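Taking it in order: structure first as structure tokens, then the write-up.
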Amino acid sequence: MRRIIRWFWIAVALAFLLEAWLWDRLQPLIAALVARLPLEWAKQRIASWVKELSPAASLIVFALPVAVLLPFKFAGLWLLAQGYWAGAVGMLLCAKVVGLGVTAFVFSACRAKLMQLGWFRALHDRVIVWRAWAHTLVDPVIREIRAQLALFAPQRAGRTMRLMLRIRRRMHAPLGSVKPGLSS
């Protein structure tokens, strides 16, 4: 039972780290995309508008991408219920990636105002602690997986295959016919 609980928490930590990884990767990507848009006046206006908002109003702006993408997530679930697996997965993944990217961008714009809310700052600090906990739980497992996969890296694959073939020959050879260290 302890193993099942441990693997459950590893799965939760992996999901949390996937979200954090997507957040870290999508925030600069969306920022670069917005920087390329030829709407400097709109970006300036939005930035100045966000600076004038109260912390509570900036929370609404921060939650807006979630509300806008919710219908797309419901559409993905409807596609899933109708049996359109590929469309459902595509819709849900697209909504997830776009939602995380836009939310990360909006968070960077509203961060100073949001941190003025005591409960939001405490929640933010708690998420940072959870992220560190997830890394301490998952990193040893990832290191072990990488070590196992390194055996099959192209530069080591020949050596690994020869070792496996040697073990297989020894397992299938009659007793006493293979002497230790003398087979090729």
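Here are some notes:
- Partners for residue 73 among aspartates and glutamates (Cα-Cα distance below 17 Å; same-chain residues under 8 apart left out): 19
- Taking the fewest neighbouring Cβ atoms within 10 Å as the starting point, the ordered list for 136, 103 is 136, 103.
- Listed residues 13, 107, 71: farthest to the positive end of the dipole of segment 2-117 (Cβ charges): 13
- Dividing the summed helix terms, -39500 (n - 2.57) for each DSSP H run of n ≥ 4, by the number of residues in the chain produces a 222 nm estimate of -30500 deg cm²/dmol to the nearest 500.
- Estimated dipole of segment 80-161 in Debye, rounded to 20 [Cβ of Lys and Arg +1, of Asp and Glu -1, Cα centre]: 180 debye
- Principal-axis tilt of helix 2-36 within the chain, Cα atoms, nearest 10 degrees: 50 degrees
- Value in Å of the Kirkwood radius, where the chain supplies the Cα pairs that are averaged: 21.3 Å
- Ranked list, fewest to most other Cβ atoms within 10 Å of each Cβ, for 144, 19: 144, 19
- Of the residues 74, 107, the one with the fewest other Cβ atoms within 10 Å heads the list, and the complete ranking is 74, 107.
- Kirkwood Rh, angstrom, segment 67-137 [1 / mean 1/r, Cα pairs]: 14.4 Å
- Dipole magnitude of segment 2-117 about its Cα centre (Cβ charges: Lys, Arg +1; Asp, Glu -1), debye to nearest 20: 300 debye
Every read-out reported here was derived from the displayed coordinates using simple, explicitly stated rules and does not represent laboratory data. Computed from a predicted structure; not experimentally measured. Because the Cβ atoms are built from the backbone with ideal geometry, glycine has one as well, and the counts that use them run over all protein chains shown.
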